[in-house]
Amino acid sequence: MDDKKILFSAVQPSGTLTLGNYIGAIKNWTKLQDDYNCIYSIADLHTLTVKQEPALLRAHTYELTALYLACGIDPEKAILFIQSHVPAHAELTWILNTMTYPGELTRMTQFKDKSQRHCDNVNMGLMDYPVLMASDILLYNTELVPVGADQKQHLELSRDLAIRFNSRYSETFKVPEPYISKVGAKIMSLQEPTKKMSKSDANINAFISMDDDTDTIIRKFKRAVTDSDNKIVMSEDKPGISNLLSIYSVVTGTSIEDAEKRFDGYGYGDFKLAVGEAVADVIKPIKEEKERILKDKAYIDKILADGADRASRIAYKTLSKVYRKVGLVPRAR
Ligand code: TYM
């Protein structure tokens, strides 16, 4: 690798991806490909922390890979691989587990939320999830992690673990920095705009799926909850309108100020329609390209195999350094 900084991120292949996942994460990944050595993973081990249908998990893994490619991730520039193809992730997790305290994990907002939602299956993996995420990041000497705002707390743990390991065993890991965009880091529900947009929302009108067709997208935006006055401005007391302005701004590349000017004097109905159309214009070609790529499994497999080879080389270098530092005897050759 050259001297560019290393950037790592991942998404779970847990079914439908939302507009929130796209705007908060994947959209930024493509534009960072030229300036960083980018490593993008499909976090399949993370999805096992909630119940999965095995055949569906496999299908979702291919779909997510095709979506990455359709969004513009270029396998010539970035390393693209499936987390479980590089066992070093699970191996480093064991080491980091021995220096993580239960209280650090039980206080995580996402653990609390998911334990409530999946109260029949609060397993150790659900609790340990942020340590696996720290391993993902630290194995690659990552300096930058582009994520949505909901991952900030997990990233802080990765930083704490890197610092803890370095101070106990000498300098080993880079301490990663989050890359969280100012606009779009937290896309909100279209039905309850004080809540994060999430695919697990029981109300399908609350989120836009990257698989939605144009009519569905426009219908969902038309139904988006706003407020009772008629001004299209960014404001804390207008969460619905502010969310729509953020979405419009990111998908069209317009600043918030310019978007406010553009819609000055518009009624909410016309504004919602314009946002819906702008989103549909972005999603439609991605969806079509994803479907085209998905038909060529051999092509996807080849990219993933190549990605896993490249990722393994970096990951095992770090892991063997870690094993040596903690005192494990290297296997004789
Ligand atoms: P996941 O799969 O839940 O979400 C993937 C990415 O989408 C972002 N995101 C959002 N951004 C803006 N608005 C929203 N409403 C919204 N919803 C989700 C998330 O912040 C995330 O960036 N644990 C991670 C996956 C992971 C990972 C990693 C990420 C595993 N290992 C290492 C970074 C580095 C997760 O579950 O993301």
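Derivation of every value follows stated rules applied to the coordinates shown; laboratory data play no part. These figures come from a predicted structure and were not determined experimentally. Neighbour counts are summed over all protein chains in view; Cβ atoms, including those assigned to glycine, are modelled from backbone coordinates with ideal geometry.
The residue list Lys297, Lys284 contains one member that is in contact with a helix residue (DSSP H, G or I) (Cβ under 9 Å, 6 or more places away or on another chain), of a type in the set (Lys, Arg) and surrounded by 14 or more Cβ atoms within 10 Å (Cβ to Cβ), which is Lys284.
One line per residue, one yes/no per condition, for (1) without any contact (Cβ under 8 Å) to a residue 60 or more places away in the chain; (2) not hydroxyl-bearing (Ser, Thr, Tyr):
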site	(1), (2)
Ala162	yes, yes
Pro178	yes, yes
Pro193	yes, yes
Ser198	no, no
Asp212	no, yes
Arg219	yes, yes
Met234	yes, yes
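Any residue in the stretch 81-93 that is buried (at least 18 other Cβ atoms within 10 Å of the Cβ), among the hydrophobic types (A, V, I, L, M, F, W, C) and either away from the ligand (no atom under 13 Å from the Cβ) or more than 25 Å from Leu17 (Cα to Cα) (or both)? Yes, some residue in the stretch 81-93 is buried (at least 18 other Cβ atoms within 10 Å of the Cβ), among the hydrophobic types (A, V, I, L, M, F, W, C) and either away from the ligand (no atom under 13 Å from the Cβ) or more than 25 Å from Leu17 (Cα to Cα) (or both).
If the condition is being within 15 Å of Leu294 (Cβ to Cβ) and within 11 Å of the ligand (Cβ to nearest atom), then the stretch 37-59 contributes only Ile42.
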